[in-house]
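Below is one structure, written out as structure tokens; the observations come after it.
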Amino acid sequence: MTWRIRSRSSQRSHPLPPYPSTTETKLLPAQRARADTSRRYLKNPKKPPKGMALLQLHHLSLHSLPFTPKLHHSRFSTRKSLRFSFSASASTTMAKQVLVPVANGTEPMEAVITIDVLRRSGAEVMVASVEKELRVDACHGVKIVADALVGDCKDTGFDLIALPGGMPGATNFKDCAVLESVVKKQAADGRLYAAVCASPAVALGSWGLLKGLKATCYPSFMEQLSSCATAVESIVQQDGKVVTSRGPGTTMEFSVALVEQLYDKEKADEVSGPLLLRPNHGDEYKVIELNPMEWKCNNIPQILVPIADGSEEMEAVMIIDILRRAKANVVVASVGDNLEILASRKVKLVADMLLDEAAKLSYDLIVLPGGLGGAQAFANSDKLVNMLKKQAESNKPYGAICASPALVLEPHGLLKGKKATAFPAMCNKLSDQSFIDNRVVVDGNLITSRGPGTSMEFALGIVEKFFGRPKALELAKVMLFVH
């Protein structure tokens, strides 16, 4: 099955860029172009393809710098309204305004991937809670702090409103009168709106915003969707001003498609290259393993996932979410003075405890997400480094992804005698670069991986080591990551 984005034209006040005006179109050439761009980037990250140089330089640096929020009037109306503007941007064009609502029960991978990818494009993304408080308790125990309440955004004009899925998150969206009003106005004004997983059927469909349109959603909601739209089984479906997608495993493609609709194909290619997307969606993932050993635990794996200011939120959330889906006991610990951290693309996450408290426990695995700021914080934490060293000395599993293998494990001797990989631009810091081109590498009790687009494979590789490949593939299929 190839990744298909199906498009059907309709009368538009503002024509969308690149999709042809045909009833059904494969995005195979565009997907191939993005895959080729990623492959050229992987082969020579020091000389990225045209259009990617800026983003390659900023993937781990610019976006990790603090942004300065500003409040000012919307350019979309004469009414006073709330907008966030960030002082740094990866784009020289006028930033697009995007609303991503979140709720109790939202699927955290879908929310965070959408926010992260859109912010990489230079879009100004407002994360708005439909609850009474800014903090929402997303699925799988992930806690997200929004930028604003949805009521604060009701008079703001947005170029795009994108709804993540998850249950009961999608139901909470449906029941939020303010959000319903905002999205209905978005549709009436002829602006982009989008949803993934349960939300196309549960929210958009219930609001009557998919009538006469083709749409897709999570498989178990397809029957409900068919009562309010023309239901199709596309990975990503675009019809007029609406973009829909299926689930966690399709959200990265969904988000890149939104970048293309907001800007153009060149911007989408620029963003997607450093993400390290898979060339063919749905293919069974592969893990390269050397020196195989059994990863032992007492019934339920006890896993520590440290996070810090500047951690890459997609990587952190995918690791936490997937391992908890597998029924591992995951402790999220803040390497700092506060439970709340500001991740690399300004997503605010709340840890379960501080590292000082987490250090009192023992773990079957310690696994580090990436992100430049987060990796530097990990490397500077004597307590965390000592925990990692004790883990390695005890021949117990540990792992890292993206910048963390190069900035944390390598300098502290935790890659000595090991094969590993890392984010392409960081691989020159590894003393042994013989396996850097692999997406996930397991060497005995060590597991490493490359970046956001390899995070699901990385987390599934961990599931495989503790629970077996059948369990990992079962999860991958539930998330629609593999066929």
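Read phi for every residue in the stretch 112-122 and hand back ³J(HN,Hα) as whole Hz from Karplus 6.51 cos²θ - 1.76 cosθ + 1.60, θ = phi - 60°, with x for Gly and Pro.
For the stretch 112-122, the Karplus curve yields 5, 4, 4, 4, 4, 5, 5, 5, 4, 6, x Hz.
Quick check: residue separation of Lys477 and Asp432 times 0.36 nm, minus the Cα distance between them. What number comes out in nm?
12.8 nm
Report the one residue of Thr421, Ala459, Ala379 whose Cα lies farthest in the direction of the positive end of the charge dipole of the stretch 376-467 (charges on C-beta: Lys and Arg +1, Asp and Glu -1; origin at the Cα centre).
Projecting each Cα onto the dipole axis, the largest value belongs to Ala379.
What residues have an amide H closer than 5 Å to that of Leu149, excluding those fewer than 5 places away on the same chain, when H is modeled at 1.01 Å from N in the peptide plane?
Under 5 Å from the amide H of Leu149 lie the amide H atoms of Ser129, each far enough along the sequence or on another chain.
Does the stretch 338-397 classify as rounded, prolate or oblate by the C-alpha gyration tensor (a ≥ b ≥ c root eigenvalues; a/c under 1.5 gives rounded; else a/b over b/c gives prolate, otherwise oblate)?
Taking the square roots of the gyration eigenvalues as a ≥ b ≥ c, the stretch 338-397 is prolate.
Express in whole angstrom the spacing between the alpha-carbon centres of the stretch 322-361 and the stretch 412-483.
Between the Cα centres of the stretch 322-361 and the stretch 412-483 lies a distance of 20 Å.
Name the residues whose placed amide hydrogens come within less than 5 Å of the amide hydrogen of Glu289, ignoring near sequence neighbours (fewer than 5 apart) on the same chain.
Amide H neighbours of Glu289, under 5 Å, 5+ apart: Val442.
Taking a 18 Å limit on the Cα-Cα distance, which of the listed pairs Lys184/Lys211; Lys296/Lys360; Lys389/Lys418; Lys396/Lys477; Lys143/Lys390; Lys296/Lys465 fall beyond it?
Checking Cα-Cα distances, Lys296/Lys360; Lys396/Lys477; Lys143/Lys390 exceed 18 Å.
Under a 5 Å amide H to amide H cut-off, with H placed in plane at 1.01 Å, what residues pair with Arg135 once short-range neighbours are removed?
Distant-sequence amide H within range of Arg135: Ala146.
So which trypsin sites (Lys or Arg not before Pro) in the stretch 203-257 are both in a DSSP loop and have at most 11 other Cβ atoms within 10 Å of their Cβ?
Values: sites: Lys211, Lys214, Lys241, Arg246; in loops: Lys211, Lys241, Arg246.
Passing sites in the stretch 203-257 are Lys211.
Distance from the Cα centre of the stretch 109-172 to that of the stretch 173-225, in angstrom?
Here the two parts' Cα centres lie 15 Å apart.
Net charge within 15 Å of Leu354 by Cβ-Cβ distance, Lys/Arg positive one each and Asp/Glu negative one each, not counting Leu354 itself?
Values: positive: Lys143, Lys360, Lys383; negative: Asp309, Asp337, Glu340, Asp352, Asp356, Glu357, Asp382.
It works out to a net charge of -4.
If all Cα-Cα distances of the stretch 219-341 are sorted into 10 Å bins from 0 onward, what percent lands in each bin, rounded to whole numbers?
Distribution as computed: 10, 27, 32, 24, 8, 0 percent.
Can you give the extra length, in nm with one decimal, that the chain gains between Asp382 and Asp152 once fully stretched, where that is 0.36 nm per residue apart less the Cα-Cα distance?
Once the chain is fully extended between Asp382 and Asp152, it gains 78.6 nm.
Can you tell me the dipole magnitude for the stretch 300-369 around its Cα centre, using point charges on the Cβ only (Lys, Arg +1; Asp, Glu -1), in Debye to the nearest 20?
Magnitude of the dipole: close to 260 debye.
What does the C-alpha gyration tensor say about the overall shape of the stretch 107-203? Classify as rounded when a/c is under 1.5, otherwise prolate if a/b is larger than b/c, or oblate.
Verdict is rounded for the stretch 107-203.
Kindly state, to the nearest 0.05, the FRET efficiency for Ser226 paired with Asp264, given R0 = 51 Å and r defined as their beta-carbon distance.
The value I calculate is 0.95.
For the stretch 283-425, just say rounded, prolate or oblate: build the C-alpha gyration tensor, square-root its eigenvalues into a ≥ b ≥ c, call rounded for a/c under 1.5, and beyond that prolate if a/b exceeds b/c, oblate if not.
Details: a/c = 1.26, a/b = 1.19, b/c = 1.07.
Rounded, because the longest to shortest axis ratio a/c is under 1.5.
Say a paramagnetic label sat at a point 7 Å from the Cα of Lys132, along Cα to Cβ; which residues of the stretch 99-114 have their backbone N under 15 Å from it?
The answer is 104.
Please turn the phi angles of the stretch 98-105 into ³J(HN,Hα) values with the Karplus equation 6.51 cos²θ - 1.76 cosθ + 1.60 (θ = phi - 60°), one per residue in order, whole Hz, x for glycine and proline.
Going residue by residue, I get 10, 10, 10, x, 9, 8, 4, x Hz, with x marking Gly and Pro.
List the trypsin sites (Lys or Arg not before Pro) within the stretch 92-166 that fall in a DSSP loop (any state other than H, G, I, E or B) and whose Cβ has at most 10 other Cβ atoms within 10 Å.
Details: sites: Lys96, Arg119, Arg120, Lys132, Arg135, Lys143, Lys154; in loops: Lys96, Lys132, Lys154.
Filter output for the stretch 92-166: Lys132.
Taken together, the values in this text are just the output of simple stated rules run on the coordinates, not laboratory data. None of the values given here were measured: they were computed from a predicted structure. Don't worry about glycine lacking a Cβ; one is built from the backbone with ideal geometry, like all the others, and counts go over all protein chains shown.
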